[in-house]
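I have placed the structure first, in the form of structure tokens, so that the comments after it can refer back to it.
The values are calculated or read from the model by the stated rules, or taken from the named source; none is laboratory data. Note that the structure is a prediction, hence the values are computed from the model and not measured. Every residue, glycine among them, receives a Cβ derived from its backbone with ideal geometry; neighbour counts consider all protein chains shown.
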């Protein structure tokens, strides 16, 4: 695996691959890689000749008093895992390389409306940071495909919309959520969950599964299902950010006759924010 820290170097190398007719896949990450990330690499390898992983802890998508400064940086371990997975290139720029004019004057990419709800409602500016950095990575790498996990469901939907609206020539591939044996969705922030909290955090997934089961059994009182889940999560000792049943594509609150739904939730532990979702097809 070759490692590049500069845009010029990465572009030069991929230009040679592109001239040879190679199909390029990108997996964009912030590092601290877990098995879920490696599954994205494996998926990229199945349909691309060349696989690029990017590692960049993007300050632009972190809000005030969020965990940018303590987000785990595990570069050496990440490199070992990527080499073992068969990744071809690692693009790992620093802040100055990605934002040479500083964050304050950086041009932004904004996807309105669908970023105002769910995670966007309590993390203002977060998705603006995501779409900006992802669009920059797409311009730098120029991948044919880019693979994202379904765990960050709203992020995936927003990126799909950005690609559609801006006519970007990249195919967005979604990958299933990778879970721990007890059902907890794998996340780099799971390291912030305390030992005392760990047995209880699966309550979010359990409640989303209960919502899905209720809907599939014919229940249409979505607000009641959401409120019941919130009560159970709070009863387990966690603060709820949101639990919502939405249209799977638009992320608008679901109508009773919607056939493609997704139940999404976010909860706060003592030092982490956990998100999850369950897709519902009826």
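Could you list, in sequence order, all residues of region 118-132 that are touching a strand residue (DSSP E or B) at 6+ places or on another chain (Cβ under 8 Å) and either surrounded by 19 or more Cβ atoms within 10 Å (Cβ to Cβ) or part of a loop (DSSP other than H, G, I, E, B) (or both)?
118, 119
Go through region 64-98 and give me each residue that's in a helix (DSSP H, G or I) and either touching a strand residue (DSSP E or B) at 6+ places or on another chain (Cβ under 9 Å) or more than 30 Å from residue 270 (Cα to Cα) (or both).
75, 78, 79, 80, 82, 83, 84, 85, 96, 97, 98
Would you point out which residue out of 118, 64 is assigned by TED's automatic domain parsing to the domain that holds residue 25 and at pLDDT 95 or above?
The match here is 118.
Answer yes if at least one residue in region 154-169 is over 16 Å from residue 91 (Cα atoms), in contact (Cβ under 8 Å) with a residue 24 or more places away in the chain, in contact with a strand residue (DSSP E or B) (Cβ under 8 Å, 6 or more places away or on another chain) and in a loop (DSSP other than H, G, I, E, B), and no otherwise.
no
Can you find a residue in region 40-50 that is at pLDDT 95 or above, within 27 Å of residue 271 (Cα to Cα), crowded, with 16+ Cβ neighbours inside 10 Å and under 17 Å from the mean Cα position of the chain (by Cα)?
The answer is yes; a qualifying residue exists.
Search region 3-25 for residues that are within 21 Å of residue 40 (Cα to Cα) and pair each with any residue that is at pLDDT below 95 when their beta-carbon atoms are under 6 Å apart and the residues are at least 6 apart or on different chains.
none
Pick from region 102-116 the residues that are in contact with a helix residue (DSSP H, G or I) (Cβ under 8 Å, 6 or more places away or on another chain) and within 15 Å of residue 159 (Cα to Cα): which of them is surrounded by the most Cβ atoms within 10 Å (Cβ to Cβ)?
115
Residues checked against (1) in a loop (DSSP other than H, G, I, E, B); (2) assigned by TED's automatic domain parsing to the domain that holds residue 34; (3) touching a helix residue (DSSP H, G or I) at 6+ places or on another chain (Cβ under 8 Å); (4) modelled with pLDDT under 95:
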| site | (1), (2), (3), (4) |
| --- | --- |
| 205 | no, no, no, no |
| 210 | no, no, yes, no |
| 214 | no, no, yes, no |
| 220 | yes, no, no, yes |
| 227 | no, no, no, no |
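Got a sec? Which of 177, 193, 233 is touching a residue at least 24 places away in the same chain (Cβ under 8 Å) and closer than 17 Å to residue 262 by Cβ?
Among 177, 193, 233, only 177 is touching a residue at least 24 places away in the same chain (Cβ under 8 Å) and closer than 17 Å to residue 262 by Cβ.
Among the residues of region 257-265, are any over 19 Å from residue 113 (Cβ atoms), in a strand (DSSP E or B) and in contact (Cβ under 8 Å) with a residue 60 or more places away in the chain?
yes
Go through region 121-148 and give me each residue that's modelled with pLDDT of 95 or more and under 15 Å from residue 274 (Cα atoms).
Those that are modelled with pLDDT of 95 or more and under 15 Å from residue 274 (Cα atoms): none in region 121-148.
Across region 210-260, which residue is farthest from residue 121 (Cα to Cα) among those that are surrounded by 17 or more Cβ atoms within 10 Å (Cβ to Cβ) and under 21 Å from the mean Cα position of the chain (by Cα)?
Restricting to residues being surrounded by 17 or more Cβ atoms within 10 Å (Cβ to Cβ) and under 21 Å from the mean Cα position of the chain (by Cα), the top hit is 248.
May I ask you to verify whether residue 168 is touching a helix residue (DSSP H, G or I) at 6+ places or on another chain (Cβ under 7 Å), within 18 Å of residue 118 (Cα to Cα) and either at pLDDT below 95 or in the same structural domain as residue 41 (by TED's automatic domain parsing) (or both)?
Judged against the criteria, residue 168 is not a match.
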